[in-house]
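Any read-out appearing in this document is the output of simple, stated calculations on the displayed coordinates, not a laboratory observation. Here the structure is a predicted model, which means the values were calculated and not measured. Note: ideal-geometry Cβ built from the backbone for every residue, glycine included; neighbour counts use all protein chains shown.
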Amino acid sequence: MDHTAPATNLAQPAPGKTCGACTLCCKVVGIAELKKPADVWCGHCDKARGCKIYDTRPGECRTFNCLFLLHADFPEAWRPSKSKLVLYGQGNDVVVHVDPGAPGAWLSEPFYSALKGLAENQGPLGGMVSARIGRRCVVFKPDGHIDLGTLDDDETIRFSYQHGQVVAAKVRRADAG
C-alpha cells in the first residue's frame, strides 16, 4: 500500500485558496525523496509557519496540492487542519489521509456522508474513494464503507464492481498473482 504523494499533480490552487497555517500534508503524506514515512511530521516543517526548505523542497512536495486547495467549492470545514483529513487525487481515485491524532475524523459528519457521495460519483469514472488511517485502509461505497484492515506494503486491493460502483474488495499479496 503506497502512502507517498502522487507523482504528478500540477494543478494550481483555486482562486482565494491557500494553505495558510495548515501543514497537515507535511505529517500524513509520505515523501519518498526525503525518506519520510507517512504519519510523522516532516523534519523540515515548522507547524506554525510551514516548510523551512520551501525554495528547495522536493518535487513531490512542489507538485502536491490537496483537493481542498484545488476546488473552490470545498468549504472551510474541509481545510485539513480543521477536518484532520487530507484529500488528493491519484489517477481516477480519491485518497483520504486521516491524521493519526484524530483517527475517527473520517466518520464525523459532514465528512462521512460526503465521502460516500463522492464514492457514488467516482464509480462511473472507474475510480474509488479510500481512506488511509495509518496502515488501515477503508474503501467508501455509496451506502457505507468496506474496512480492509491493516495492509502491508506488498498487498494490493482487488475490487468487484456492479453498475460502476464498488460492491466488494479483497486484499491480496503481490506474489499471489
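For this structure, a couple of remarks:
- Once the mean of 1/r is taken over each pair of separate Cα atoms and inverted, the chain shows a Kirkwood hydrodynamic radius of 16.7 Å.
- Backbone amide hydrogens, once placed in the peptide plane, bring Asp93 within less than 5 Å of Met128, excluding anything fewer than 5 places away on its chain.
- Across the chain: Cys residues that no other cysteine approaches within a C-beta distance under 4.7 Å: Cys19, Cys22, Cys25, Cys51, Cys61, Cys66, Cys137
- Above 14 Å, the calculated P(r) of the range 56-101 contains 54 percent of its Cα-Cα pairs.
- Within the chain, helix-based [θ] at 222 nm, where runs of 4 or more DSSP H residues each add -39,500 (n - 2.57), nearest 500: -3500 deg cm²/dmol
- The stretch between Ala32 and Asp152, if pulled fully straight at 0.36 nm per residue, gains 41.5 nm over its current Cα-Cα span.
- Lys52 versus Leu107: modelled label distance in nm, points set 7 Å from Cα along the beta carbon direction: 3.7 nm
- Taking amide H as placed 1.01 Å from N in the peptide plane, the amide H of Cys51 sits under 5 Å from that of Asp46, each at least 5 places away or on another chain.
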